[in-house]
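Remarks on the structure that follows.
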Amino acid sequence: MTLTGKARLAGLVGWPVAHSRSPLIHNFWLQRYGIDGAYVPLAVDPTDLDTALRALPSLGFRGVNLTVPHKTAALECADEVSGIARAVGAANTLTVDENRRLIATNTDVFGLAESLRLSGLTEAPISTATILGAGGAARAAVAALAELGISTVRIANRTRARAEAIAGDLGAAFQGLRLEVVDWAARSEALCGAELLVNTTSLGMTGAPPLEIDLRPLPPTACVADIVYSTLETPLLAAARARGLVGVDGLGMLVHQARPGFQAWFGRDPLVTDELMLRLKSDLGV
Ligand code: ATR
């Protein structure tokens with residue numbers, strides 16, 4: 001599609017950016033809806049982040065997504081930070097408002113919550129979930145589970161201090177959410193009575209060591225989510241499905257996190273269709 005002088009502009013700021021599938025997702029939607037707009041990858045060195053983001057309003061950008069390593073630094077560059085981005089300590093979406101101010105938010109939280117909702121997870125109320133890992137993805141996962149109304153979240157991480165930091169930070173942000181830190185060695189026991197397991201560690205990805213965990217303590221109605229998308233049928237999800245549990249891969253989170261940004265910049269909530277999912281899978285080679 002030809003871009004006119006009125007084209008709406010958005011993009012992805014990362015360092016590097018070449019690996020990202022966000023341009024594929026947004027440009028698929030732009031084409032599908034015949035919108036005069038473009039979503040471009042922008043490789044920005046961390047030392048230039050503030051300068052680059054400050055220039056967005058002058059360049060006519062409506063906003064950008066942020067990826068590694070900018071998600072935390074972007075909070076400092078923004079004029080306003082949403083409560084959810086502040087709680088998670090990271091922003092993946094910036095919108096330029098009518099006063100040319102940069103508004104930062106975190107839609108990874110929405111992406112995971114929506115992906116779990118659409119898997120049918122929340123049809124019955126869930127009270128307890130277990131999260132493995134304590135990186136940025138685990139923080140977004142805690143916020144997503146809080147948004148889904150889950151009351152107790154257990155966090156197991158190899159480095160216990162990182163799990164404790166999450167419990168401190170997010171426990172303060174989400175009053176009423178009970179966060180329990182569990183030793184990494186006790187991760188299988190931490191599944192007792194949990195209706196949901198979310199793996200946010202890199203274990204089980206291609207090239208990483210396997211995730212060793214015994215799924216037997218999970219109740220038969222439990223759901224297991226793995227947020228990686230470089231491998232869709234991870235050994236964890238295969239083991240879960242073999243036990244008859246619901247498995248949720250990371251592709252849903254990837255695609256649904258893109259929706260709020262698209263809506264803000266291009267004016268409509270885009271549909272996640274089978275065609276888009278197939279295009280993504282083929283591009284990822286999964
Ligand atoms: P992200 O921000 O994407 O979540 P990260 O901060 O690198 O990424 O986190 C990776 C997670 O995988 C961490 O929880 C890490 O555990 P540590 O906090 O102890 O580093 C976990 N992880 C990576 N390799 C691991 C391994 N071999 N065994 C157990 N956990 C591992």
Which numbered condition E233 misses (of (1) closer than 19 Å to T128 by Cα; (2) assigned to a loop (DSSP other than H, G, I, E, B)): (1)
Pairs, first touching a residue at least 60 places away in the same chain (Cβ under 8 Å) in the range 155-169, second more than 10 Å from the ligand (Cβ to nearest atom), C-beta under 8 Å, six or more apart: D169/A87; D169/G89
Regarding V224, is this residue within 26 Å of R86 (Cβ to Cβ) and β-branched (V, I, T)? no
Do any helices (runs of 4 or more DSSP H) entirely within the range 97-211 hold 1 or more residues that are within 21 Å of L245 (Cα to Cα) and near the ligand (Cβ under 10 Å from one of its atoms), and if so, which? 136-147
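Considering only residues of the range 218-229 that are of a type outside the set (D, E) and crowded, with 17+ Cβ neighbours inside 10 Å, which is modelled with the lowest pLDDT?
Here the answer is Y229.
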Could you please find all residues in the range 251-286 being at pLDDT below 95 and part of a loop (DSSP other than H, G, I, E, B)? G285, V286
Does A239 count as modelled with pLDDT of 95 or more and touching a strand residue (DSSP E or B) at 6+ places or on another chain (Cβ under 6 Å)? no
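Residues to consider are V109, V153; find the one that is surrounded by 24 or more Cβ atoms within 10 Å (Cβ to Cβ) and either of a type in the set (G, A, S) or farther than 22 Å from Y229 by Cα (or both). Steps first, please.
On the way: V109 fails: either of a type in the set (G, A, S) or farther than 22 Å from Y229 by Cα (or both).
After applying the criteria, what remains is V153.
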Taking L232, is it at pLDDT 95 or above and hydrophobic (A, V, I, L, M, F, W, C)? no
Kindly indicate whether E212 is more than 20 Å from the chain's Cα centre (by Cα), without any contact (Cβ under 8 Å) to a residue 12 or more places away in the chain and over 24 Å from G168 (Cβ atoms). yes
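How about the range 164-180: which of its residues are aliphatic (A, V, I, L, M) and farther than 21 Å from A222 by Cβ? Walk me through it before giving the result.
Within the range 164-180, the subset aliphatic (A, V, I, L, M) is 165-167, 170, 172-173, 177, 179.
Selection gives A165, I166, A167, L170, A172, A173.
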Residue pairs within 8 Å by beta carbon, gap of at least six or interchain, first lying in the range 4-31 and at pLDDT below 95, second of a type in the set (F, W, Y), listed first then second, are none
I need the full set of residues from the range 201-226 which are touching a strand residue (DSSP E or B) at 6+ places or on another chain (Cβ under 6 Å) and of a type outside the set (A, V, I, L, M, F, W, C), in order please. T201, D226
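The values are calculated or read from the model by the stated rules, or taken from the named source; none is laboratory data. On a predicted model such as this, the values are computed, not experimentally measured, just so you know. Virtual Cβ from ideal backbone geometry, glycine too; neighbours counted across all protein chains shown.
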